[in-house]
1. Once label points are set 7 Å from the Cα along Cα→Cβ at both residue 393 and residue 479, what is their separation, rounded to one decimal in nm?
2. Which percent of Cα-Cα pairs in segment 6-116 sits in each 10 Å bin, short to long?
3. Percentage of Cα-Cα pair distances in segment 9-474 greater than 31 Å, rounded to whole percent?
4. Have a look at segment 118-204 and give its Rg and Dmax from the Cα atoms, expressed in angstrom.
5. Bin width 5 Å, origin at 0, all Cα-Cα pairs of segment 258-298: what percent of pairs per bin?
6. Work out from phi, with θ = phi - 60° and the Karplus expression 6.51 cos²θ - 1.76 cosθ + 1.60, the ³J(HN,Hα) of each residue of segment 226-240, listed in order in whole Hz, and give x for Gly and Pro.
7. In whole Å, what is the distance between the alpha-carbon centres of segment 1-50 and segment 191-233?
8. Distance between the C-alpha centers of segment 457-476 and segment 367-444? Whole Å please.
Amino acid sequence: MTEFPKNFLWGGATAANQYEGAWDVDGKGASTADMLLGGTYEKPRTFTKEIKPGAYYPSHQGSDFYHHYKEDIKLLAGMGYKTYRMSVAWTRIFPNGDDAEPNQKGLDFYRSVFEECHKYGIEPLVTISHYEMPYHLTETYGGWGNRKVIDFYVKYAETLFNEYKGLVKYWLTFNEINIGMLFGGYMSLGLPAKDGAAPFSGKMSDEEIQANLQGLHHQFVASALAVKIGHKINADNMIGCMIAGQVSYPLTSNPDDVLKAQLTNEINNYYCGDVQVRGAYPHFAQRYWDEHNVKLNITAEDAEVLKEGTVDYYTFSYYSSSTVTADPSKAENAGNFSMGVKNPYLKYSEWGWSMDPKGLRWYLNDVYGRYGIPVMVVENGLGARDTVEADGSINDDYRIDYLKGHIEQMKEAIKDGVDLIGYTPWGCIDLVSAGTGQMAKRYGFVYVDRDDDGKGDFSRTPKKSYYWYKKVIESNGEKLENK
């Protein structure tokens with residue numbers, strides 16, 4: 001078969017902490033994301049231990065999906081969506097994370113959202129934890145560094161599986177779980193941070209790597225337990241992993257560069273992927289631990305749980321590729337959550353991200369060849385500044401060109417034999433950027449009237465790409481021209 005399968009899951013993706021808003025409404029508690037101030041590409045976001053009066057916390061209002069969900073889902077249906085990837089805010093269900101009982105108003109809200117999706121024939125694809133664990137778990141327990149958090153997460157996941165049985169079939173346990181391999185662990189692992197710290201800052205010390213990898217191990221165990229419970233509650237549940245897809249090329253054919261790229265891909269992609277898909281740590285993990293003085297507490301019971309709780313499908317985000325070299329004299333360039341050098345064959349966005357559709361085809365083949373289970377691209381997109389014209393139109397041809405190139409390469413990957421089952425471009429309706437906290441870095445097919453200072457009326461306006469993507473879905477990926 002050379003085209004997209006007939007049941008291909010076309011859609012789009014958002015996350016509660018960047019999109020939902022209503023951060024303290026109807027019983028919702030504070031999450032780790034709610035403690036992050038806005039930033040820019042030049043000025044990193046920072047964490048505060050207390051909410052500062054008058055300061056701008058982008059997640060507090062996001063794009064206000066909480067009060068616009070019916071309008072927004074109707075807009076998604078207008079494009080012909082088959083699926084909508086979204087996340088549940090843990091603190092809307094368990095405000096503190098360790099509560100005895102769930103928050104009924106939170107349960108009711110998501111039930112309404114899922115029912116609204118089904119009204120239009122849209123299948124929800126739900127991320128259980130997406131960068132916003134309860135802040136109380138960070139303060140009181142030290143986040144995922146504490147084994148006790150496994151039980152809190154499992155209780156939360158089990159609550160969702162029971163509550164939304166028959167409404168949600170597709171689940172993801174953690175968003176971009178491998179981010180813990182790349183950065184300090186506040187954002188993805190809820191590890192404590194110093195007041196004023198930047199969650200995405202630089203290289204980690206061996207002590208930080210130790211803390212991250214132990215917290216990550218606890219997430220692996222929690223994910224595997226959730227998979228087992230989710231299958232027990234409903235055998236139809238499809239429960240997947242979600243990896244931040246990191247494509248690293250060698251800068252030159254120097255064997256040192258080639259080996260560096262190989263190791264970078266292994267650590268960034270397969271350390272986590274292997275545990276969640278194969279049920280065990282990969283062959284290269286021990287050397288990595290030894291070289292960073294890491295000693296993990298892994299029990300025999302943990303190892304058994306990891307084997308039993310492997311995922312049904314593999315999902316990932318892909319925005320750009322990076323290029324690495326063993327030559328320390330080369331200048332480094334930040335982009336797509338990794339450090340690398342400029343690739344002379346690629347163009348770069350304003351935010352320093354390379355635009356590399358063929359990297360997506362490479363990754364799809366690499367991952368499918370390794371795991372042999374269905375794969376899905378659940379984030380992909382171009383963060384860019386959009387201009388509203390005098391007539392109210394938003395002509396985002398640059399976004400159409402970016403997405404078109406990636407869809408063409410997905411088609412090539414399907415021809416290559418990859419079992420690709422879905423595509424949900426990121427931020428289908430404009431939302432706050434996780435990395436910078438900006439609204440100006442827009443991804444959506446729908447424009448939201450909101451700026452980097454928290455001003456705007458949240459009104460929604462379809463962009464040119466909205467009507468283009470509608471034709472893409474209608475034609476099952478055949479009509480890609482920008483006309």
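Just so you know, all these numbers are worked out from the coordinates, no wet-lab data involved. Predicted model, so just to flag it, every value in this text is computed and none were measured. Please note: Cβ atoms are built from the backbone with ideal geometry, for glycine as well, and neighbour counts cover all protein chains shown.
1. In this crude spin-label approximation the distance works out to 1.8 nm.
2. 13, 40, 30, 15, 2, 0
3. Counting pairs separated by more than 31 Å, the tail of P(r) holds 37 percent.
4. Looking at segment 118-204, its Cα Rg and Dmax stand at 15.3, 47 Å.
5. With a bin width of 5 Å, the distribution comes to 6, 22, 27, 29, 12, 3, 0.
6. Computed from phi, the couplings for segment 226-240 are 5, 4, 4, 5, x, 5, 5, 5, 8, 4, 7, 4, 10, 10, x Hz.
7. Centre-to-centre (Cα) distance: 18 Å.
8. The distance from the Cα centre of segment 457-476 to that of segment 367-444 comes to 13 Å.
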